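Written out below as structure tokens is the structure these notes cover.
The values are calculated or read from the model by the stated rules, or taken from the named source; none is laboratory data. These numbers come from a predicted model, not from an experiment. Cβ coordinates were reconstructed from backbone atoms using ideal geometry, including for glycine residues, and neighbour counts include every protein chain displayed.
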Amino acid sequence: MSRKMRILVVEDEEAIRTGLVDVLVFHGYEVDFAVNGGEGLGKALSGRFDLILLDVMLPGIDGFEICNRIRARDKDQPVMMLTAKSSDEDIVKGLTLGADDYVAKPFSVAQLVLRIQAVLRRSRAGLEQSSRIELGELYIDTRNLSGRRAGQALAFTRREVELLQYLYANGERPVTREELLHKVWGYGRHMQIETRTVDIHIAKLRRKIEIDHKVPRHLITVRGAGYRLVSA
Ligand code: CA
């Protein structure tokens, strides 16, 4: 990654705020903070942050209102709410207002860091959904659902392109079939779905994009971990 991810912490309780800032700096993030709602809103709307950690109960403007105002301006800004209690009502309200995730206080630092990493990974994957995929001799235009491999024209279905885009955005990280069903097909996590759907699509894609589909060089199976799309 070329630059540090920037996180804004909006929290009025000094002990919690200081603890959060220290932990995040320790984990390699660039961190700024705000101590009340007004300051938080101003900084949050600056658009400088990769993630905003937002306490609900704040003096002045509360976290819900800040989240609402952020969403009115920017629907893609990652926001994570810190709820004082694990009150379902607060959580539902936060998520309804467009928070990407929430953490209930008191939280474990390890849990919080994992959740932050997940939100940042998802938002990065979204940003990097580029209109073209270039992998050596293989070129795919994701808008036209077309492509080219060593001079030969290729045509794809929308689903095939979405599958390729998702793998491409995740770079070196192998993606499981379950995650693909969830993210590309939109199936709920707990639905019992035949993961063979993914395998069938992968097989069809290999016949299109690989020179020899039995010896894939781009669309790689990582045993026990899923699939990766690599540059050969
Ligand atoms: Ca508070």
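Restricted to region 152-232, the set of strands (runs of 3 or more DSSP E) holding at least 1 residues that are β-branched (Val, Ile, Thr) comprises 219-222.
One residue stands out in region 53-77 among those that are touching a Lys or Arg at 6+ places or on another chain (Cβ under 9 Å) and either more than 15 Å from the ligand (Cβ to nearest atom) or among the charged types (D, E, K, R) (or both): the one that is nearest to VAL9 (Cα to Cα), namely ASP55. Evaluating HIS218 against the criteria (1) touching a Leu at 6+ places or on another chain (Cβ under 8 Å); (2) surrounded by fewer than 13 Cβ atoms within 10 Å (Cβ to Cβ) leaves one unmet condition, (2). The C-beta contact set for region 164-179 (first residue touching a residue at least 12 places away in the same chain (Cβ under 8 Å), second residue part of a loop (DSSP other than H, G, I, E, B) and hydrophobic (A, V, I, L, M, F, W, C), distance under 8 angstrom, 6+ apart or interchain) comprises LEU164/PHE156; TYR166/VAL184; GLU172/VAL230; PRO174/ALA225; THR176/ALA225. Selection of region 6-23 for residues being within 16 Å of the ligand (Cβ to nearest atom), in a helix (DSSP H, G or I) and of a type outside the set (S, T, N, Q) yields GLU14, ALA15, ILE16, ARG17, GLY19, LEU20, VAL21.
Residue pairs whose Cβ atoms lie under 7 Å apart, sitting 6 or more positions apart in sequence or on different chains, and linking a residue in region 13-37 that is in the same structural domain as ARG48 (by TED's automatic domain parsing) to a partner that is surrounded by 14 or more Cβ atoms within 10 Å (Cβ to Cβ) and of a type in the set (Phe, Trp, Tyr), are ARG17/PHE33; VAL21/PHE33. Here region 1-23 is the region considered, the condition is being more than 16 Å from LEU82 (Cβ to Cβ) and among the aliphatic types (A, V, I, L, M), and the residue that is surrounded by the fewest Cβ atoms within 10 Å (Cβ to Cβ) is MET1.
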